[in-house]
Amino acid sequence: MTLVDAHHHPYRWVLFTGICGVYFAFGVVAMSIPPLVGDIRADLGLSRGSMGLALGAWQVVYIVSAPVGGRLIDRLGLHRGILLGALVVTASGLVRAAAGGFGTFWLAIALFGVGGPLISAGAPKAVGLWFGTERERRLAIGAYSTMPAIGGMATLVLSNSVLMPLTGSWRATVVIETGLMVVALGVWLVVSGRAPEPPVAVTSTGASGAVGRRGLLASSEFRLVLLLGLGVMFIGHGLSGWMPEVLREHSGFSAMAAANWVALGGLVGVVASLVVPRHTERHRLPSVMAMILLAVAVGVVAVVVLPTMLDPVPVAMAGLRSAMVPLVLVVLMESDAVEPSNTGVAYGLWFAVAEIGGVTGPLVLGRVADTSAGFGGALLLVALVCVLMLVPVRRMRRFTDRDLHR
């Protein structure tokens, strides 16, 4: 069997389906809180600032645990690594449903950051090991990157329109949503347990992992990708965590309507994530990312200045932010410093730095919203970050143009 034939092993899509299922449930549990913010704040007596701190709890833990999770994926393998991550995420969902105050609520959400990195690092490693052609890799990256968004979108739509009316309790709603991870975990056990050896066999020791980290951080291209990840996560997590509440308190929508319009933005992001990375050549990545950043900036500003009845249009525009993550991951996977032997370490480092933005996004927007600037000021801050991100995006051209000249 040739290398090309090996990379086209028919089981790759079966395994990939199992990963997508876990990542979908990952998104459901991650987004189980934002559509219920009002009910949770009232029940637990939390301020906006405290809720923002809680929303960013798992991202705080990601900063520390992501490099460890990346190394564990390299050592444990996909089967055991993703299984362990799914178990911890399940525990996070159940514990947050039982929280009695800010402390336990924060800790429950923080627990998500312990298991999440194993899933986040496991998905791209699987793509690197099982998908050999550039076109298939980009399709796979775009597809699995949409899974958390689709899961979050389902949570936004169903939480207030179906589950809350059905159960009458935000706690029961969170438990039901966490049950999806249990189902995904069972599917993963079956699918990964029957998987043959991957087309590319990679062994890694602790020493080689350490060398890999030093080599990665010595690469100026890799450091630039880390900076892009930080900005993308600030924008993405900040808007995802607060947009339902923005439409409720700033624009006056009901909880159900706000969730549905945010879900529309999520749908736009899903389509963009599937289409844009697959059809964007490497030398065009900076231009495409710049256009998306400007579209998101215009969208969030429009929410502030346009009449409320028009808000669904800019909210949909802001949903394009979801496509930035797979685009940055494409740049990361195609960086010269990233190889099959250090994929887990590379993605662990990337998520560690990127989640600094994931932490500060919800926290900073919550703090700004608590001031006299309100949610309008918070959205204008997001627009400013989008504009500032154009600087590192422009610097990325020297790497993409270099590859084009080769």
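Odds and ends about this structure:
Conditions tested, residue by residue: (1) touching a Phe, Trp or Tyr at 6+ places or on another chain (Cβ under 9 Å); (2) surrounded by fewer than 15 Cβ atoms within 10 Å (Cβ to Cβ).
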{"residue": "ALA272", "(1), (2)": "no, no"}
{"residue": "VAL275", "(1), (2)": "no, yes"}
{"residue": "THR280", "(1), (2)": "no, no"}
{"residue": "HIS283", "(1), (2)": "no, no"}
{"residue": "VAL288", "(1), (2)": "no, no"}
{"residue": "ALA297", "(1), (2)": "no, no"}
{"residue": "VAL301", "(1), (2)": "no, no"}
{"residue": "LEU306", "(1), (2)": "no, yes"}
{"residue": "PRO312", "(1), (2)": "yes, no"}
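- Condition met for GLU339 (of a type in the set (D, E, K, R), more than 18 Å from HIS283 (Cβ to Cβ) and out of contact with any Leu (no Cβ under 6 Å at 6 or more places or on another chain)): yes
- Of the helices (runs of 4 or more DSSP H) lying entirely inside segment 346-406, those containing at least 2 residues that are closer than 24 Å to GLU245 by Cβ and either in contact (Cβ under 8 Å) with a residue 40 or more places away in the chain or in contact with a strand residue (DSSP E or B) (Cβ under 8 Å, 6 or more places away or on another chain) (or both) span 374-388.
- Residue in segment 301-317 that is closer than 16 Å to GLY231 by Cα, touching a residue at least 24 places away in the same chain (Cβ under 8 Å), in a helix (DSSP H, G or I) and hydrophobic (A, V, I, L, M, F, W, C) present: no
Per-residue answers, yes or no, for (1) of a type in the set (Ser, Thr, Tyr); (2) under 17 Å from the mean Cα position of the chain (by Cα):
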residue	(1), (2)
MET291	no, no
VAL298	no, no
PRO307	no, no
MET317	no, no
THR343	yes, no
PRO362	no, yes
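- If you go through segment 112-131 and keep only what is within 15 Å of PRO148 (Cα to Cα) and of a type in the set (A, V, I, L, M, F, W, C), you end up with PHE112, LEU118, ILE119, ALA121, ALA123.
- Of the residues making up segment 159-180, those that are free of Cβ contacts under 8 Å to residues at least 40 places away in the same chain and in contact with a helix residue (DSSP H, G or I) (Cβ under 7 Å, 6 or more places away or on another chain) number 3.
- Among the conditions (1) touching a residue at least 60 places away in the same chain (Cβ under 8 Å); (2) buried (at least 21 other Cβ atoms within 10 Å of the Cβ), the only one that VAL61 does not satisfy is (1).
- Every condition in (1) buried (at least 24 other Cβ atoms within 10 Å of the Cβ); (2) aliphatic (A, V, I, L, M); (3) within 21 Å of VAL190 (Cα to Cα) holds for LEU76 except the one numbered (1).
- In the set (1) touching a Gly at 6+ places or on another chain (Cβ under 7 Å); (2) touching a residue at least 40 places away in the same chain (Cβ under 8 Å), the condition left unmet by GLY101 is number (1).
- Any hit, segment 80-90, residues being polar (S, T, N, Q) and crowded, with 17+ Cβ neighbours inside 10 Å: yes
- Of all the listed residues (LEU53, LEU83), the sole one being closer than 29 Å to LEU139 by Cβ and either in contact (Cβ under 8 Å) with a residue 40 or more places away in the chain or part of a helix (DSSP H, G or I) (or both) is LEU83.
Computed from the coordinates by the stated procedures, all read-outs in this text should not be read as laboratory data. A quick note: this is a predicted structure, and the numbers were derived from the prediction, not measured. Methodologically, a virtual Cβ is constructed for each residue, glycine included, from the backbone with ideal geometry; neighbour enumeration extends over all protein chains shown.
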